[in-house]
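So the structure is just underneath, and the comments pick up after that.
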Amino acid sequence: MASIIAAEGPTIRISGAGSSPDLLSVAADADVRAVEVGSTGVPALEPLVTVTDGDETAFHTACSTAEMDTIVASVAAGSDVRAAEPDAVAEHDPDTARFPAVDLSGLGGDRRRMLGGAGWRRPTNPADHEAAGGFGDPGPDAVLAAGEAIHGRGWGDICQDTPLTPTWETVRDTGGDPAVVVNGHGNPADALLLASAPYDVLDGATAVADCVGAEAVIVYASTADERAVETVREAAAEHPEGSPAIDVVAGPAEYRAAEPTMALEAVEGNHRLEARIRPPGPESVGLHGQPTVLHTPRTLAQLSASLRDGDADATRAVTVQGDVAAPVTVELAASATLADAVDAVAVDGEFKAACVGGRFGGLTRDLDVSIAPEPLTDADLGTEGTVQILAADRCVLEFVGKRAQFAADENCGRCVPCREGTTQLAELLRDIYDGSYAPEDIEELVRVMDTSSICAFGVEAGRPARTALAEFEAELQAHADGTCPTDSCPETVEVT
Ligand code: SF4
């Protein structure tokens, strides 16, 4: 199948699952070229229909079947792309293989570097990817050089917030039969990449495999992300021959299953997921005892972009969700702030706070913090690449209490600080409803969990409570005094 990049004549792209079959059939009935592409990461704009002719693309957001009729009629009549009253028009290189820059909230076109193929190229079409400069053969030295400037992204990455190259060198030096695992479990941006731009992820993975001498790449994702699993499986089947073998494994839809060593347990087929004690880490003893690299799709797409473009102009993928009209995944420069990410959504009510950095992220009211890992860490926020918005009617005590209870229910049980600590933390937070507010006890407990748990689950599980103590002291104290300031607690606030 030929590529749609720089195709002759107008091309209609339909982005976003759901209504696409209807929209595709409208185009098919009129014998107008239309293709389905992956999601852009901005569902509020989808189905997003774009019409490209030469160096112009028109954007039609949340496109209905009736609007599609008009668009198709306009294309069939040979009209200008602007004739069907689009929401925006962008001018660009006629051969562009990436989503053009456009002023539509969330798309941030000029910064869509690793997400550039999402919503623009057919996810499982090798010709589209090849036309975008993919399937290159950079060679180990170039890969090692690129890896020095790139830090791993996400808590499922073996190089979380640290450079990639040293780990690759350890894997290479260890010998044996190395493996590369793409850990795409549980993060929205990772699922988006696997579903919308899988070849960008696989390019990064095969480059690492060549670099460390691995003959196998395993893509691991959650059973909950069906579209990601199906798409990357299809993409892997169409991958050019001569690359390492690519296998796709779906793991249980449990939060802890993204932890790197538990991911290995899942890939090996173990039903009981427990974190492995380190050292030795997976880079020495990993999948089936062999040295193993685990990177998230975000890390690998960043590597792929760096190898393709010859620079390390790092960006970050941030998913904004929670009390919002619709969640988005945006790609921003590392110098951007949390406020820039939140600007991409419509907050459902008045903004109160954000839980930054995943399930066990930190609570903050201050959005003037850079999304780069160091400033986030300095602010006691997480670097997982998610921002959960809490609107004004959201009770902080209820929020952090649920996080603590989740941690108590979902930890793997292997180590005492996490297993017992999360239970005690949930109880201490529940005691506040009974008038017993002991911030020193909570802080001490969280400190012990943080410093002595085996894996990141236990290290981070106390962060929502710890940051709530720092940011929402008065609200917690009010509960101990018998009042929920937001009047939203499901539990009766009783002071004994
Ligand atoms: S920190 Fe929690 S999840 Fe990790 S090994 Fe210990 S009990 Fe298991």
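The values are calculated or read from the model by the stated rules, or taken from the named source; none is laboratory data. From a predicted model like this one, the values you see are computed outputs, not experimental measurements. Neighbour counts are summed over all protein chains in view; Cβ atoms, including those assigned to glycine, are modelled from backbone coordinates with ideal geometry. For the accessible areas, the whole protein counts, side chains as well, though only heavy atoms, and no ligand, DNA or RNA atoms are used. Shrake-Rupley method; radii C 1.70, N 1.55, O 1.52, S 1.80 Å.
Stokes-Einstein diffusion of the range 10-135 at 37 °C, 0.692 mPa s viscosity, Kirkwood radius from Cα pairs, rounded to a whole number: 229 µm²/s. Working note: Karplus 6.51/-1.76/1.60 with θ = phi - 60° gives the range 94-106 the couplings x, 9, 4, 9, 10, 3, x, 5, 8, 8, 10, 3, x Hz, where Gly and Pro are set to x.
Averaged over its residues, the chain has an accessible area of 39 Å² per residue, based on protein heavy atoms and a 1.4 Å probe.
Here the range 78-157 has 42 percent of its accessible surface on carbon and sulfur atoms, given a 1.4 Å probe and all protein chains in place. Put simply, the convex hull of the Cα atoms in the range 115-168 casts, on average, a shadow of 4.8 nm². When a 1.4 Å probe is rolled over the protein heavy atoms, the share of accessible surface on the range 160-202 that falls to carbon and sulfur comes to 47 percent.
Over the range 238-281, what percent of the accessible surface lies on carbon and sulfur atoms, probe 1.4 Å?
46 percent
As a length-normalised measure over Cα pairs under 8 Å and 6 or more apart, the relative contact order of the chain settles at 12 percent. Computed extension length for N270-A28: 82.5 nm, one decimal, from 0.36 nm per residue of separation with the Cα-Cα distance subtracted. Taking every Cα-Cα distance in the range 251-326 and sorting them into 5 Å bins from zero, the calculated P(r) comes out as 3, 13, 18, 15, 15, 15, 13, 6, 2, 0 percent. In order along the range 278-295, the phi-based Karplus estimate (6.51 cos²θ - 1.76 cosθ + 1.60, θ = phi - 60°) of 3J(HN,Hα) comes to 10, x, x, x, x, 5, 10, 10, x, 4, 6, x, 9, x, 9, 9, 10, 10 Hz; Gly and Pro are listed as x.
When the Cα convex hull of the chain is projected onto planes of every orientation, the mean area is 22.8 nm². Distances between placed amide hydrogens fall under 5 Å for G41 paired with no residue 5 or more residues away or on another chain. Alpha-carbon geometry of the range 138-280: the Rg and the Dmax are 14.4, 39 Å, given in that order. Shown here: the range 201-246, whose C-alpha atoms stretch 32, 18, 13 Å along the first, second and third principal axes, sorted largest to smallest. For the range 407-460, the relative contact order comes to 39 percent (Cα pairs under 8 Å, sequence separation of at least 6). Within the shell of other residues whose beta carbon sits under 13 angstrom from the beta carbon of P485, the net charge comes to -4, with Lys and Arg scored +1 and Asp and Glu -1.
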